[in-house]
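The values are calculated or read from the model by the stated rules, or taken from the named source; none is laboratory data. Keep in mind that what you see is a predicted model, and the values were worked out from it rather than measured. Cβ: placed from backbone, ideal geometry, glycine included. Neighbour counts: every protein chain shown.
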Amino acid sequence: MDESLMKTLAGLGVPEGMTDPSAIIAFLAGKLSGESEPEDSPMGEVESMAGDYKKPEDEAQRAEAPAEEKPVDAQEEIKAEVERQLKADKVRRQTILNHCKLAKLERSFADSLIEDETVTVQVAQERIIRAMAQQPLGAVTGSNIRATESEQDKFEAAAKAGFTQRCFQGNITKTQAQKAEGDSHFKSLGVYRLAEACVRRMGIDPEKHSKSEVARMAMGHKPTLDRVKRAVGDAYHTTGSFQNILFDGLNNTLRAAYEEAPYTWSFWVRQRQSVEDFKDIHATQLSEFQNLEVVPEGKEYPEKKMSDRRKTYNIDKFGANFSVTWETIVNDNLDALSRIPTMQGTAARRTQEKLVYDTFLSNPLMPDGVALFSASHASGRNITAVSPAAPSEATLDEGFELMSKQVGLNGSLLNLTPSVLLVPQKYSATALRITNSLSFAQSNGNEGISSLYGVNGVRPLQVVTTALLDNNNTTNWYLIASSSLVDTAEIVFLQGEESPVLENEWTMLSDKWDFKIRQSMGCAMIDHVGFYGNRT
């Protein structure tokens, strides 16, 4: 065990000369139950099981001894070795389980140690001791009720669930908040009363202190806590419950708001596998596979090679911060606490949407050295030849025609078909009418003819509309092929930041918690052949 753990154990009253892990576990178990030593030790069962078990070092010594001059049955030797290994593993498992029972740790904790075959008894003992050292030994909550790790976990689970449910009210409409046993009590608590409950769990009577002191203690203000510790002595212990509950509720609210916020890029942009760092990303644009050829009898099959081009881009870090002040807790202002992460989650999704459309509308240079929308691509023009006009049968015909005539890197005709009609809000009704009408207008002499662009039409289009296009140009609109057929655009996130990450830190000089929201991501247009622009 390392020096820091030994210091922690010394602070818990473990005698200086006690270094045997089994003895330390028994000592701490006695402290937890309020006894000098545990009445019943379940270790006897292990000792009896291990009577004829040879330690690894004994096995090594036996191996070094001169072999007896007698024939050895290989099968019997293998069978004996298997039995020894099974007996050793059985002893290891039972020993770890009994230590965890003695320490009053959860069965799931014991199972995690037992099932990991790399965890020896010695390693398990140290992990058990570390878990025991973190428990509030002999702490008092309320009257003479002793707080165990299990009770503390239940308290935090119920408080986190109730606080999250309270934060969701009026802010989150689609996502179901987490539930836990006893959460209904905390769902009705204000933020200050929640702080009181957490301070009470620390062994401190909040009624003996002012609201400002209770808020400071709940928020982890060290000078206030040190002063109270001197006053209440051993009854006091820190748990960090209030910080954990608050952070969990705000984080859940932020992520739920992020998931519920509207966005459109997913209709036409592929999400690339997340990356590990901020290094350049090389998106490989693969060519089409060339058409098959007739193979004459007795001749070899011709080799068809694929070519590729690279699009290089990178990800950037986006973020912001907000603060929860001491005054917010004292004033019991839960509305501010819940609304801020809701707005931050929506802002994160909005930032993501803006990144994609800013990249798209900038008409970036493509790997062939030509802008995304241009009449100069070697593969063929992908921009209207005339002035932009509203979506109609004629203007859509041009887009379908130009996209179908695009050729790949190896010169093959791709015959692509668009699947998305991307329009500004100015044309949203027009586009929806085209794709959802049962027939064309009677004035055109087309009554009774089903829509070509509807769900059941021969040219089905998904209408996607966003005001981000209007901010750029109110008359430009686009057709986009499915990203499953051809490379179009992609977005990528840093690993672990596929959703926004929330981090917090206490600032003592200003009596507040600073919450930082961050999401690292990047976007790029990969290939132009799957795009058509009715634009200038």
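Tell me which residues, restricted to the range 314-353, are polar (S, T, N, Q) and outside any helix (DSSP H, G or I).
The answer is N314, N321, S323, T325, N331, N333.
I need the full set of residues from the range 463-503 which are in contact (Cβ under 8 Å) with a residue 24 or more places away in the chain, over 22 Å from H528 (Cβ atoms) and under 25 Å from the mean Cα position of the chain (by Cα), in order please.
Hits for the range 463-503 are F493, L494, Q495, G496, E497, E498, S499, P500, L502.
Collect the residues in the range 114-125 that are buried (at least 17 other Cβ atoms within 10 Å of the Cβ) and either out of contact with any helix residue (DSSP H, G or I) (no Cβ under 7 Å at 6 or more places or on another chain) or within 11 Å of I25 (Cβ to Cβ) (or both), keeping them in residue-number order.
A124, Q125
Of the numbered conditions (1) under 19 Å from the mean Cα position of the chain (by Cα); (2) surrounded by fewer than 18 Cβ atoms within 10 Å (Cβ to Cβ); (3) over 30 Å from G533 (Cα atoms), Q344 fails exactly one; give the number of that condition.
(2)
Residues that are at pLDDT 95 or above, more than 29 Å from the chain's Cα centre (by Cα), crowded, with 19+ Cβ neighbours inside 10 Å and among the aliphatic types (A, V, I, L, M): does the range 373-388 have at least one?
Yes, the range 373-388 contains a residue that is at pLDDT 95 or above, more than 29 Å from the chain's Cα centre (by Cα), crowded, with 19+ Cβ neighbours inside 10 Å and among the aliphatic types (A, V, I, L, M).
Scan the range 16-42 for residues that are hydroxyl-bearing (S, T, Y), in a helix (DSSP H, G or I) and modelled with pLDDT of 70 or more and jot them down.
Residue satisfying the conditions is S22 alone.
Can you tell me how many residues in the range 193-214 are surrounded by fewer than 20 Cβ atoms within 10 Å (Cβ to Cβ) and in contact (Cβ under 8 Å) with a residue 60 or more places away in the chain?
The qualifying residues number 3.
Cβ-Cβ distance below 8 Å, separation of 6 or more or different chains: which pairs start in the range 217-229 with a residue that is over 11 Å from S241 (Cβ atoms) and end on one that is surrounded by 20 or more Cβ atoms within 10 Å (Cβ to Cβ) and among the aromatic types (F, W, Y)?
Once the first residue is over 11 Å from S241 (Cβ atoms) and sits in the range 217-229, its partners that are surrounded by 20 or more Cβ atoms within 10 Å (Cβ to Cβ) and among the aromatic types (F, W, Y) give M219/F242; M219/W513.
Restricting attention to the range 389-402, which residues are closer than 30 Å to A283 by Cα and exposed (fewer than 12 other Cβ atoms within 10 Å of the Cβ)?
Within the range 389-402, E401 is the sole residue that qualifies.
Is at least one residue of the range 264-276 in a helix (DSSP H, G or I) and without any contact (Cβ under 8 Å) to a residue 40 or more places away in the chain?
yes
Please tell me if W513 is buried (at least 21 other Cβ atoms within 10 Å of the Cβ), outside any loop (DSSP other than H, G, I, E, B) and modelled with pLDDT under 95.
yes
Would you point out the residue of the range 430-487, among those that are charged (D, E, K, R) and under 22 Å from W265 (Cβ atoms), that is modelled with the lowest pLDDT?
The qualifying residue modelled with the lowest pLDDT is D487.
Conditions (1) within 18 Å of D487 (Cα to Cα); (2) in contact (Cβ under 8 Å) with a residue 60 or more places away in the chain, marked per residue:
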position: P367; (1), (2): yes, yes
position: S379; (1), (2): yes, yes
position: N382; (1), (2): yes, yes
position: E393; (1), (2): no, no
position: L396; (1), (2): no, yes
position: K405; (1), (2): yes, no
position: N410; (1), (2): yes, yes
